[in-house]
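Take a look at the structure set out below.
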Amino acid sequence: MKFSFISLFDDIIKNYFKHSILSKAIKNNLIEIETLNLRDFSQNKHNTVDDTVYGGGNGQLLNVEPLVKSLEKLKNSHIIFLTPAGKTFTQKDAKRLSKKSHITFVCGRYEGFDERAIELMANEVLSIGDYVLTGGELASLSMCDAISRNISEVLSNKALEEESFNEDILEYPSFTKPQVFNEVKIPSILSSGNHKKIEEYRHKVAILKTKYHRVDLYSDYRLRKTDYRKKL
């Protein structure tokens, strides 16, 4: 799968993929990363890609021309603009988008984009939450990371099954050595060697953890279970 990033700061993107699981995924040809610097598509001799906002207002806005020209270079790509106005990205989106062959993230800066670029070129507009960042690079990397983890062979099937948000619940609490720290012990069932009991325990505490930390997810989980029982 190929990921392209339209950005003013492509080094931020490149450096992220030098480490860990995604670095291995690139080496194994499971994912491909491409960066396009927006200044390379500037329409003037100074390579500027931003200007003042019509009607007045603070800050600068990214011009429509270089944005459209950079995206026209990418054929048959699913184009995602990163903006707080977009739908909040979720694990369901990560799974859905992992089936695409080519995704392009458009990373905003300053006060954002000329709205015409979104109208002309966007397939989707997404956000990672109701807050404002300095630029879209961090948001695009978060999405790319989450999507990549759902691509076949990037992670083992078992690891994917146990990830948080599968089945609308959080992942169970995990522990490592020592067994006792500051007089707090790990649950004895985890060192029992009874894998069936351990699996049952983990599922139970995952539900309790979700109920405590994420009432919204727990409500969705309960509703889904109720609907399933009604169909039986």
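Brief remarks follow.
- Filter result (touching an Asp or Glu at 6+ places or on another chain (Cβ under 8 Å) and of a type in the set (G, A, S)) within the stretch 4-21: S4, S7
- Within the stretch 129-147, residues that are at pLDDT 90 or above sit with their Cβ atoms under 6 Å from residues that are in a helix (DSSP H, G or I), at 6+ positions apart or across chains, in these pairs: E137/I12; L141/Y16; A146/A94; I147/A94; I147/L97.
- Pairs meeting the criteria (first residue in the stretch 56-79 and over 11 Å from F41 (Cβ atoms) and assigned by TED's automatic domain parsing to the domain that holds C107, second residue modelled with pLDDT of 95 or more and of a type in the set (S, T, Y), beta carbons under 8 Å, at least 6 apart or on different chains) are L74/S4; L74/T104; N76/S101; S77/S4; S77/T104; H78/T104; I79/T104.
- Checked against (1) closer than 26 Å to R149 by Cβ; (2) surrounded by fewer than 16 Cβ atoms within 10 Å (Cβ to Cβ); (3) touching a Phe, Trp or Tyr at 6+ places or on another chain (Cβ under 8 Å), G59 meets all criteria but (1).
- Condition check for T35: within 20 Å of V125 (Cα to Cα), of a type in the set (S, T, N, Q) and in the same structural domain as K18 (by TED's automatic domain parsing): yes
- Number of residues in the stretch 99-148 that are in contact with a helix residue (DSSP H, G or I) (Cβ under 7 Å, 6 or more places away or on another chain) and either among the aromatic types (F, W, Y) or farther than 23 Å from L22 by Cβ (or both) equals 8.
- The set of residues in the stretch 72-92 being within 15 Å of the chain's Cα centre (by Cα) and more than 12 Å from F3 (Cα to Cα) consists of F81, L82, T83, P84, G86, K87, T88, F89, T90, Q91, K92.
- Filtered residues of the stretch 1-34 (kept if of a type in the set (S, T, N, Q) and surrounded by fewer than 19 Cβ atoms within 10 Å (Cβ to Cβ)): N15, S20, S23, N28, N29
- Meets criteria (exposed (fewer than 14 other Cβ atoms within 10 Å of the Cβ) and part of a loop (DSSP other than H, G, I, E, B)) for G135: no
The values are calculated or read from the model by the stated rules, or taken from the named source; none is laboratory data. Model, not experiment: these values are computed from the prediction. Heads up, the Cβs are rebuilt from the backbone with ideal geometry, glycines too, and the neighbour counts pull from every protein chain shown.
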